[in-house]
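Each remark here refers to the structure printed beneath this line.
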Amino acid sequence: MSVRDQILAKVRANQPVDERPLPDLTSFPVRTSEVLDQFMTVLSTIGGKPVRVADYAEIAAYLHEHPYPGRIISSIPALQHLAEPIPENADPHELENVELAIITGTFGVAENSAIWVTEANYQQRVVPFICQHLAIVLPMDALVANMHQAYERLQGQEYGFGVFIAGPSKTADIEQSLVLGAHGARTMTVFLLEHV
Amino acid sequence: MSTKPKHPELSERFNADEPRVDWHDATLWWIRQKRDKAAHTLYEDWESLRNTASAIKDNVLGNLADYLESFERQATTNGAIVHWAADAAEHNQIVLSLLQQAGAKRMVKSKSMLTEECHLNEYLTENGIEVVDTDLGERIVQLADEPPSHIVMPCIHWKKEEIGELFHQHLGTPKGNADPQLLTEAARQHLRDKFLSRRVALTGVNFAVAETGEFVVCTNEGNADMGVHLADVHIACMGIEKIIPRREHLGVFLRLLARSATGQPITTYSSHFKSPRKGAQLHIVLVDNGRSQQLGREAFRNSLKCIRCGACMNTCPVYRRSGGHSYHNAVAGPIGAILAPNLDMSKNADLPFASTLCGSCSNVCPVKINIHEQLYEWRQELTRQGKVDFGKKMGLKMMSTVLSSPMVYRSMGKMGRWTMRVMPGMVSNSFNPWFKQREMPAAPKESFRDWYLKNRS
């Protein structure tokens, strides 16, 4: 018998036999209608920066006012005058010197301000981690209240890699002092976009 | 019986520095309070989330073999390669052989309590592999050549001045500088170089989904992702109990995990790995190492529900005042004390006694493990198995005689009160463990019973 079969046989012999049905997940109602307010408040609390914008022109204007010196990459066609496109088949190590990455978020979650992104949003898996600063463009109406609604949206979705990102990279390992910018992005700006 | 120091002796060492114990205690209590605050923001859903999480895990324990097969099937379809390890030694051999296949002598690793449990680092180092732990807290204890003292905050027992000195020696930070911002930045630069130059990255697994074959890794620092997305080979190691049935169940567990652990609404990154990056390899190592055995122990199987949030440690009055290393096990605290005896009863027979049985651990547990009841069950089981030392056994036998006979109880009480009043030196001395770190109370002249009999009219 292979190790696999031995383990499975042992588990089968030892697992409890009583009926243990899966619980119902519909008992978690949406508790807020103010998803945008909650999203922005929570994002600020966890060290992110929410910025409301009407359109891509306002994002460009914001970046003009808050310039990032260095390499800027983006997967968003409307921002191509500001950033180089993300090289799809390049060695991910070539992204080592990226100062700012601007990518699209699929949707955001109000209760924890996490934003769902998959590699389809930005071609290279390492992008939101290796950049010094991260900006995510999120359509204002793409917000859900809680994680249950989030996974309803992800029901049956296909992705090779997907991640909820909530704020900048952080650590409190040294005497519980919060420091932003552990290994991933030092800052996270979220452009909440009114007109897509 | 092993002669290695046990929990009482190790706690005594930790308690030699009293201000440090107070600081450790206060730090962990502060984290417990952050957990309370986070739980209260969801007060309408919190208890129902805990019940739901516990019920999902009940279902998992009852159907684990089928879920494991489903996970393996789906993960394989997704392009991952699944390995099975019966114990720590097999797990370590698999990881080493994957490194050898890749021709790699160096590896980055993000936090995985399973690899601590298997002592993977020591094994790989003996076999000529350099392992760099990339979680900041883990890197700190690794540089200091120590195991983590907490499953979520590995260097919670370290003061920033000591970390400053450690980094001065190893990373060349300015001597005497203990600024967390500066030290974190130094670690960021130091580890970024490792991320960019290592071709194999190992991670743990927080949840693995039977339905889809994907698994989720939660970090705040982003170290797991920095390692994996820059490496050619990703090795993910998981205990077989990490399985959950469906993707939608992640909604329940991700709402509970970070709130229970640190009081955050969610960790910064909740990464869902389903298939390998184009041109890269993904290996998943499924490890039993005693879990199937624990599954068969009815009184203890619920311990397999644990999602490793550490809330039971932060709240535990014993853990807070004895420190993680006093548990001499990869997982410390109350949950460690009910997991460890399953792995080795003789070596860990002291741990279920390292508790006041106050029940606080069970009250904060996000998956409602009856931790304090299991601690009590383990004490009985270990005594039955003859794993409890003679002194403790005789002491308890004597207690039982005294407490089961009212007459003996009364006369012993009388003798005790008399001794404490007339010859306090008989009890207030170093032979009496109750005298350590505390004064004995003043003995009254009469017992409550005597007083009551006189005054009840």
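Candidates in the range B:424-451 are the residues that are surrounded by 12 or more Cβ atoms within 10 Å (Cβ to Cβ) and hydrophobic (A, V, I, L, M, F, W, C); of these, the one that is nearest to the chain's Cα centre (by Cα) is B:Phe435.
Of the residues B:Arg421, B:Arg456, B:Arg379, B:Arg384, the single one that is more than 30 Å from B:Ala261 (Cβ to Cβ), surrounded by 12 or more Cβ atoms within 10 Å (Cβ to Cβ) and free of Cβ contacts under 8 Å to residues at least 60 places away in the same chain is B:Arg421.
Matching residues to (1) aliphatic (A, V, I, L, M); (2) within 23 Å of B:Leu124 (Cβ to Cβ); (3) in contact with a strand residue (DSSP E or B) (Cβ under 6 Å, 6 or more places away or on another chain):
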| site | (1), (2), (3) |
| --- | --- |
| B:Leu202 | yes, yes, yes |
| B:Thr212 | no, no, no |
| B:Val217 | yes, yes, yes |
| B:Asn223 | no, yes, no |
| B:Gly239 | no, yes, yes |
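Listed by position, the helices (runs of 4 or more DSSP H) inside the range A:1-93 whose residues that are away from every other protein chain (no Cβ under 14 Å) number at least 2 are A:35-45, A:56-65.
Okay, residues lined up against (1) more than 8 Å from every other protein chain (Cβ to nearest Cβ); (2) at pLDDT 95 or above; (3) under 16 Å from B:His283 (Cβ atoms):
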residue: B:Ile56; (1), (2), (3): no, yes, no
residue: B:Val60; (1), (2), (3): yes, yes, no
residue: B:Asn63; (1), (2), (3): no, yes, no
residue: B:Thr77; (1), (2), (3): yes, yes, yes
residue: B:Ala86; (1), (2), (3): no, yes, no
residue: B:Ala89; (1), (2), (3): yes, yes, no
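Taking the range A:130-196 as the region of interest, the strands (runs of 3 or more DSSP E) fully inside it that hold 3 or more residues being more than 13 Å from chain B (Cβ to nearest Cβ) are A:133-139, A:187-193. With the structure loaded, tell me whether B:His40 is of a type outside the set (Ser, Thr, Tyr), at pLDDT 95 or above, outside any helix (DSSP H, G or I) and open to solvent by 30 Å² or more (accessible area, probe 1.4 Å) or whether it fails that test. So B:His40 does not fit the description; no.
Quick grid of which residues meet (1) away from every other protein chain (no Cβ under 13 Å); (2) open to solvent by 30 Å² or more (accessible area, probe 1.4 Å); (3) more than 17 Å from B:Thr203 (Cβ to Cβ):
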{"residue": "B:Val95", "(1), (2), (3)": "yes, no, no"}
{"residue": "B:Lys111", "(1), (2), (3)": "no, yes, no"}
{"residue": "B:Leu114", "(1), (2), (3)": "yes, no, no"}
{"residue": "B:Glu126", "(1), (2), (3)": "yes, yes, yes"}
{"residue": "B:Ile129", "(1), (2), (3)": "yes, no, no"}
{"residue": "B:Val132", "(1), (2), (3)": "no, no, no"}
{"residue": "B:Glu138", "(1), (2), (3)": "no, no, no"}
{"residue": "B:Met153", "(1), (2), (3)": "no, no, yes"}
{"residue": "B:Trp158", "(1), (2), (3)": "no, yes, yes"}
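State all residues of the range B:199-216 that are open to solvent by 10 Å² or more (accessible area, probe 1.4 Å) and closer than 17 Å to B:Lys111 by Cα; if no residue qualifies, say none. Listed by number, the residues that qualify are B:Val205, B:Asn206. Of all residue pairs spaced 6 or more apart or on separate chains, none has beta-carbon atoms under 7 Å together with a first member in the range B:224-243 that is polar (S, T, N, Q) and a second member that is open to solvent by less than 10 Å² (accessible area, probe 1.4 Å). Could you tell me whether B:Glu377 is under 22 Å from B:Pro317 (Cβ atoms) and not β-branched (Val, Ile, Thr)? Answer is yes for this residue.
The rows are residues; the columns are (1) among the β-branched types (Val, Ile, Thr); (2) open to solvent by 10 Å² or more (accessible area, probe 1.4 Å); (3) in contact with a Lys or Arg (Cβ under 7 Å, 6 or more places away or on another chain).
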site: A:Glu84; (1), (2), (3): no, yes, no
site: A:Leu95; (1), (2), (3): no, no, no
site: A:Thr106; (1), (2), (3): yes, yes, no
site: A:Cys131; (1), (2), (3): no, no, no
site: A:Val137; (1), (2), (3): yes, no, no
site: A:Val144; (1), (2), (3): yes, yes, yes
site: A:Glu158; (1), (2), (3): no, yes, no
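Only a single criterion out of (1) assigned by TED's automatic domain parsing to the domain that holds B:Leu250; (2) open to solvent by less than 40 Å² (accessible area, probe 1.4 Å); (3) not aliphatic (A, V, I, L, M) is not satisfied by B:Arg35, namely (1).
Every condition in (1) surrounded by fewer than 24 Cβ atoms within 10 Å (Cβ to Cβ); (2) within 20 Å of the chain's Cα centre (by Cα); (3) among the small types (Gly, Ala, Ser) holds for B:Ser275 except the one numbered (2). Screening the candidates A:Ala185, A:Ala166 for the property of being crowded, with 21+ Cβ neighbours inside 10 Å and within 17 Å of B:Gly251 (Cα to Cα) yields one hit, A:Ala166. The condition of being within 10 Å of chain A (Cβ to nearest Cβ) and either modelled with pLDDT under 95 or in contact with a His (Cβ under 8 Å, 6 or more places away or on another chain) (or both) holds for only one of B:Leu183, B:Leu171, B:Leu254, B:Leu196, that being B:Leu196. Considering B:Ile307, B:Ile266, the condition of being at the interface with chain A (Cβ under 8 Å from one of its Cβ atoms), assigned to a loop (DSSP other than H, G, I, E, B) and either out of contact with any His (no Cβ under 7 Å at 6 or more places or on another chain) or of a type in the set (S, T, N, Q) (or both) is satisfied by B:Ile266 alone.
The values are calculated or read from the model by the stated rules, or taken from the named source; none is laboratory data. Predicted, not measured: the structure shown is a model, and the values here were computed from it. FYI the Cβ positions are ideal-geometry reconstructions off the backbone, even for glycines, and counts take in every protein chain you see. These accessible areas exclude ligands, DNA and RNA; they are computed on the full protein's heavy atoms, side chains included. Shrake-Rupley method; radii C 1.70, N 1.55, O 1.52, S 1.80 Å.
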